[in-house]
Amino acid sequence: MSTGKSGSDQQPRILGVGYTVPPNLRGNDDPIFDWLKAHIPPGSNPFQGYNTRTVLGPGEDLITIMVPAALNALQDAKLDASDIDMVLGYASVSPYADPNELVHLHQVMRFPQSTYVVPLNNEFSNFNAGLLFADALIRVGRAKNILIVAAGNWTRHVDYHTVQAVSAADGAGAAVIGLSQDPTKWQVIDQQTIMETRYFGSMYMQGERYPQQPPTDGHESLWSESVFQITPEGMQGFGEFGGTVAPTAVTGLLARHNIPASAITLIAHQASSVLFEMWQTVLQPAQMIETIANFGNMTLASLPVNLAWSVANDPITQNNLVLFALSPDMHANALLLQRSSL
């Protein structure tokens, strides 16, 4: 079902975008990968395509990258923090299970007390969900300007004895949605989701449990920091669902609007070049924007970072844009945005 329409009247549109990635880069020769090189046969890791990864350094955290990303989006939108009615998105992995670091962003940026913060915990389609909800809320008059921020620090939440750790990177991206008459600004049109919940529990974020006998102060277990874990079933789903089923969210969405893939720009979750190659073969978009070789897998931040990064580095050539998210629960979400010709 279409949620938007093209035109020059006042419509919810993306008013500004911004991103920040840490300046610290981790190359393939970093000693942190020595165990993987010694124990994983070459070519057997489905996580491929990285030369460097953006990594938070000592003294840096999620807020270090969330604040400038949000400020960049506000500046691009020509708005101030006081203009924002609502903040959507997510910061993963936050210091607390609750509240989310998105609330800390409210404190640091001094948004008005009336600015409602709503974390959206649905990795890795957090940004798509934020755009979708913001469009609907503004369309019915519940808000005027909404800031969406998605940020990840997963380099600190992977086990470097697991194959997925080779992809991990950090970053933050943001966008401001508000009413505009400018038809050259991106507008949410429609979405399609595929939920494949039979894989639930095969990819998850959880600490490692270490039994304690005798118990320590009455505790029979100690837990490590939370790390991203993938079971053998999850690895199977990575290829079967991620590579084959997930892109049908894009093809189904395009078919509903009679848009050929040759007329879209695709920005997709960048977990691995293996998936990129499969999606390129199936979809064959006119343009695919990605930063996997230099930025790595920024998890929930990849879509907003690449959208903002593209403005100066790889301008979008098409008037149909699909943001394609892939998530570990597992689900795939394709969000269609449109603009008029520049």
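The values are calculated or read from the model by the stated rules, or taken from the named source; none is laboratory data. A quick note: this is a predicted structure, and the numbers were derived from the prediction, not measured. Glycine also receives a Cβ, built like all others from the backbone with ideal geometry; neighbour counts cover every protein chain displayed. The accessibility values were calculated without ligands, DNA or RNA, using every heavy atom of the protein model including side chains. Shrake-Rupley method; radii C 1.70, N 1.55, O 1.52, S 1.80 Å.
Cβ separations smaller than 8 Å between residues 6+ apart or across chains give the following pairs from the stretch 140-160 residues that are within 17 Å of GLN11 (Cβ to Cβ) to residues that are part of a loop (DSSP other than H, G, I, E, B) and open to solvent by less than 10 Å² (accessible area, probe 1.4 Å): ASN145/ILE84; ILE146/ILE84. Here LEU71 clears all of (1) open to solvent by less than 70 Å² (accessible area, probe 1.4 Å); (2) in contact (Cβ under 8 Å) with a residue 40 or more places away in the chain; (3) not small (Gly, Ala, Ser) except the condition numbered (1).
Residues that are at pLDDT 95 or above, crowded, with 16+ Cβ neighbours inside 10 Å, more than 19 Å from ASP76 (Cβ to Cβ) and over 21 Å from the mean Cα position of the chain (by Cα) are absent from the stretch 122-135 altogether. On the stretch given as the stretch 195-204, residues that are buried (at least 19 other Cβ atoms within 10 Å of the Cβ) and assigned to a strand (DSSP E or B) total 1. For first residues located in the stretch 307-324 and over 16 Å from GLY171 (Cβ atoms), partners that are modelled with pLDDT of 95 or more and in a loop (DSSP other than H, G, I, E, B) and lie 6+ apart or on another chain with Cβ distances below 6 Å form the pairs GLN318/ALA286; ASN319/ARG339; ASN320/ILE259. What residue, among those in the stretch 332-342 that are touching a Ser or Thr at 6+ places or on another chain (Cβ under 7 Å), not in a strand (DSSP E or B) and not aliphatic (A, V, I, L, M), is farthest from SER272 (Cα to Cα)? In this case the residue turns out to be SER340. Evaluate the stretch 156-174: report whether one residue or more is crowded, with 24+ Cβ neighbours inside 10 Å, closer than 23 Å to SER114 by Cβ and touching a Leu at 6+ places or on another chain (Cβ under 8 Å). Looking through the stretch 156-174, at least one residue is crowded, with 24+ Cβ neighbours inside 10 Å, closer than 23 Å to SER114 by Cβ and touching a Leu at 6+ places or on another chain (Cβ under 8 Å). Whenever a residue of the stretch 206-224 is over 21 Å from PRO95 (Cβ atoms), its partners that are open to solvent by 60 Å² or more (accessible area, probe 1.4 Å), lying with C-beta atoms within less than 6 angstrom and at least six residues away or across chains, give the pairs TYR210/LEU222; GLN212/GLU220; GLN212/LEU222; SER221/ARG209; SER221/PRO211.
So that you can scan it fast, the table gives a plain yes or no per residue for (1) of a type in the set (Val, Ile, Thr); (2) over 24 Å from ALA249 (Cβ atoms); (3) in contact with a helix residue (DSSP H, G or I) (Cβ under 6 Å, 6 or more places away or on another chain):
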site: SER125; (1), (2), (3): no, no, no
site: VAL140; (1), (2), (3): yes, yes, no
site: VAL158; (1), (2), (3): yes, yes, yes
site: VAL176; (1), (2), (3): yes, yes, yes
site: PRO183; (1), (2), (3): no, yes, no
site: GLY201; (1), (2), (3): no, no, no
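For the stretch 8-44, the tally of residues that are more than 18 Å from THR54 (Cβ to Cβ) and open to solvent by less than 20 Å² (accessible area, probe 1.4 Å) stands at 6.
Meeting the requirement of 1 or more residues that are over 30 Å from VAL166 (Cβ atoms), the strands (runs of 3 or more DSSP E) wholly within the stretch 1-83 are 11-20. Please work out if GLN236 is closer than 29 Å to SER44 by Cβ and open to solvent by 30 Å² or more (accessible area, probe 1.4 Å). Judged against the criteria, GLN236 is a match. The condition (being more than 30 Å from GLN181 (Cβ to Cβ) and touching a residue at least 12 places away in the same chain (Cβ under 8 Å)) is satisfied by just one residue among THR265, THR248, THR281: THR248.
Highlighted here are the strands (runs of 3 or more DSSP E) found entirely within the stretch 89-194 that include at least 2 residues which are in contact with a Gly (Cβ under 7 Å, 6 or more places away or on another chain): 145-153, 170-180.
Of the residues ARG198, ARG256, the single one that is among the basic types (Lys, Arg), more than 20 Å from the chain's Cα centre (by Cα) and within 30 Å of ALA308 (Cα to Cα) is ARG256. When LYS78 is tested against the conditions (1) within 16 Å of TYR19 (Cα to Cα); (2) open to solvent by less than 60 Å² (accessible area, probe 1.4 Å), the lone failure is (2).
Listed by position, the helices (runs of 4 or more DSSP H) enclosed by the stretch 253-331 that each have at least 2 residues that are crowded, with 19+ Cβ neighbours inside 10 Å and in contact with a helix residue (DSSP H, G or I) (Cβ under 6 Å, 6 or more places away or on another chain) are 273-283, 302-313.
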